[in-house]
Amino acid sequence: MGAAAARPPPDLGALAEETGLSLAALTRLHERFQVLDRDDKGHLSPADLQALEGLALNPLCERIVGAFFPGGAQRADFATFARVLAHFRPAEGAPCEPGAPGSPRSKLRFVFQLYDQDGDGQISHRELLQVLRLMVGLEVPDEALAAVAAGALREAAGGRRGALCFEDFAKAVERLDVHRRMSVWILK
């Protein structure tokens, strides 16, 4: 296990301003980061995050872990860790700026990117089908999942075929209250 007091937290002022997280929340995150950094190496690897029991049970585990390691990186320092987790700031007190971490739009963009694995700004039939397969496992035949994916894309895209852009995705999930559901209270 990482030593909770082994490394002092970095200068948190600029990171607090960038992420909208309080100094207290960043301090708690740094303590958690150190626990996850079992070998006290000063960064996390994908394996460090995949070892989290609750996350390991999530069918989107690999995609969520991948958000901490953009471009195939194999290391995430504390600032990267905090920036990703800032998307999960509680709804109350989140900044009003649409692109600010923790804002409703930022949270939607984060979820959208979990689906848009090739980074082309659209969720294709193939990408949606991959997520459905992860969510339901092997119990549902491929043909049935393909039909569900095609129907969902058609409905969300207003009858257009092909792929789902971010704006269509945002409209399709607006009633799900993603902003509130993607809130982690430790980040208050």
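When you go through Arg133, Arg154 one by one, which is the residue that is more than 23 Å from the chain's Cα centre (by Cα) and open to solvent by 50 Å² or more (accessible area, probe 1.4 Å)?
On the way: Arg133 fails: more than 23 Å from the chain's Cα centre (by Cα).
It is Arg154.
Give segment 55-68 a look and list any residue that's touching a residue at least 24 places away in the same chain (Cβ under 8 Å) and among the charged types (D, E, K, R), or say none. Can you show your working first?
Filtering segment 55-68 for residues touching a residue at least 24 places away in the same chain (Cβ under 8 Å) gives 59-60, 63-64, 67-68.
Hit for segment 55-68 is Arg63, nothing else.
So, in segment 28-76, exactly how many residues are surrounded by fewer than 19 Cβ atoms within 10 Å (Cβ to Cβ) and touching a strand residue (DSSP E or B) at 6+ places or on another chain (Cβ under 8 Å)?
4
List the pairs whose first member sits in segment 43-54 and is among the polar types (S, T, N, Q), whose second member is open to solvent by 60 Å² or more (accessible area, probe 1.4 Å), and whose Cβ atoms are under 7 Å apart, counting only residues at least 6 apart or on separate chains?
Ser45/Gln74; Ser45/Arg75
Say whether the condition of being in a loop (DSSP other than H, G, I, E, B), modelled with pLDDT of 90 or more and crowded, with 20+ Cβ neighbours inside 10 Å is met by at least one residue in segment 102-125.
Yes, that holds for at least one residue.
The values are calculated or read from the model by the stated rules, or taken from the named source; none is laboratory data. Because the structure is a prediction, the values reported are computed rather than measured. Here the Cβ is made from the backbone with ideal geometry for all residues, glycine too, and neighbour counts use every protein chain on show. The protein model used for the area step is the full one, side chains on, heavy atoms only, and it has no ligands, DNA or RNA in it. Shrake-Rupley method; radii C 1.70, N 1.55, O 1.52, S 1.80 Å.
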